[in-house]
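Worksheet for the structure shown next.
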Amino acid sequence: MAIYKIPLKFTAGEFKFGELPDYKPSECLELDYDNEYQLIDYSVPIYGTEARIYTVPRELMPNALTALYDKNGELDKVQFDDNGRTRLFYIRFKHIGKSESGVLKFVKERADKISKEIIGKKLTLARLFVEKFYDGEAVDIAAKTATAEEMQAVIEYYNGDVTSADNSGNYHHDNRIEIGNETLGVMLTCTNGDFRSMLFNKAAETFEERLKSRVLDKIDKTGDFKFISEEYD
């Protein structure tokens, strides 16, 4: 177990962990790292929410951490360079308005990227699903596709039950494109707890609307095509 302290106020700019000064705990974001389970726990400043980040490679800690400060020297983000993949570990939202605009901007950007990926596959689709889940900690929003051949295989597997075609869980995981669930989860954790569920629902609705408006008119569809949004448990 180790605790890595990142000052909440420093100097405008971007700094590696080793470049940061050692401040008093009350003036820092304290990342409590479990070396055995390779996870980070911390208390979110302002809101006091407990945040948890999983699968943080011990061989990269703490040197892969980077702190980003705004022009006023306020800690804005903490990121982690996971072998070339940038992961968001913390983000500062001053109020719910900033949280909403930040989350929806991220969702729209990801929805646009996922839409282009689906269109680029040039498949004739029988089903396009949006899968979603949120329990206050774990978060999931994803698109999943199914061709006519895949749909027929599912119906045959379930002995001719045509309703099985409308269950996204019956299709292969490889057909799934996630929004960037770790990033979205961090964003939700770093906002006011009273608004998290509302904000997740708004994020899911925005993703669905964006996907529909950008994909449906630009793909080939079967005659019995359906767009289905479902929340699983």
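Across the stretch 150-176, which residue is surrounded by the most Cβ atoms within 10 Å (Cβ to Cβ) among those that are charged (D, E, K, R) and within 24 Å of residue 109 (Cα to Cα)?
Start the filter on the stretch 150-176 by keeping residues that are charged (D, E, K, R), which leaves 150, 156, 161, 166, 174, 176.
If we keep only those that are within 24 Å of residue 109 (Cα to Cα) as well, we get 174, 176.
Details: 174: 7, 176: 15.
Residue satisfying both the conditions and the ranking: 176.
Listed here are the residues, each with its yes/no results for (1) open to solvent by 60 Å² or more (accessible area, probe 1.4 Å); (2) modelled with pLDDT of 95 or more; (3) within 25 Å of residue 104 (Cα to Cα).
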residue	(1), (2), (3)
144	no, yes, yes
148	no, yes, no
178	yes, yes, yes
185	no, yes, yes
Considering the stretch 14-45, residues that are without any contact (Cβ under 8 Å) to a residue 12 or more places away in the chain and not acidic (Asp, Glu), and then whichever is surrounded by the most Cβ atoms within 10 Å (Cβ to Cβ), we arrive at 37
Say whether the condition of being in contact with a Phe, Trp or Tyr (Cβ under 8 Å, 6 or more places away or on another chain) and farther than 23 Å from residue 78 by Cα is met by at least one residue in the stretch 175-185. no
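Of all residues in the stretch 190-233 being part of a loop (DSSP other than H, G, I, E, B) and open to solvent by 40 Å² or more (accessible area, probe 1.4 Å), which is nearest to residue 75 (Cα to Cα)? It would help to see each step written out before you state the result.
Keep residues of the stretch 190-233 that are part of a loop (DSSP other than H, G, I, E, B), which gives 190-192, 219, 232-233.
With the extra rule that they be open to solvent by 40 Å² or more (accessible area, probe 1.4 Å), the set shrinks to 192, 232-233.
Values: 192: 18, 232: 36, 233: 36 Å.
If we take residues in the stretch 190-233 being part of a loop (DSSP other than H, G, I, E, B) and open to solvent by 40 Å² or more (accessible area, probe 1.4 Å), then 192 is nearest to residue 75 (Cα to Cα).
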Residues being surrounded by 14 or more Cβ atoms within 10 Å (Cβ to Cβ) and out of contact with any Asp or Glu (no Cβ under 9 Å at 6 or more places or on another chain) - total across the stretch 47-59: 2
List the strands (runs of 3 or more DSSP E) that sit entirely inside the stretch 51-95 and contain at least 2 residues that are modelled with pLDDT of 95 or more, of a type in the set (Ser, Thr, Tyr) and in contact with a strand residue (DSSP E or B) (Cβ under 9 Å, 6 or more places away or on another chain). 65-69, 85-91
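The values are calculated or read from the model by the stated rules, or taken from the named source; none is laboratory data. Small disclaimer: the values here were computed from a predicted structure and weren't measured. Cβ coordinates were reconstructed from backbone atoms using ideal geometry, including for glycine residues, and neighbour counts include every protein chain displayed. Keep in mind that these areas ignore ligands, DNA and RNA; they rest on the heavy atoms of the full protein, side chains included. Shrake-Rupley method; radii C 1.70, N 1.55, O 1.52, S 1.80 Å.
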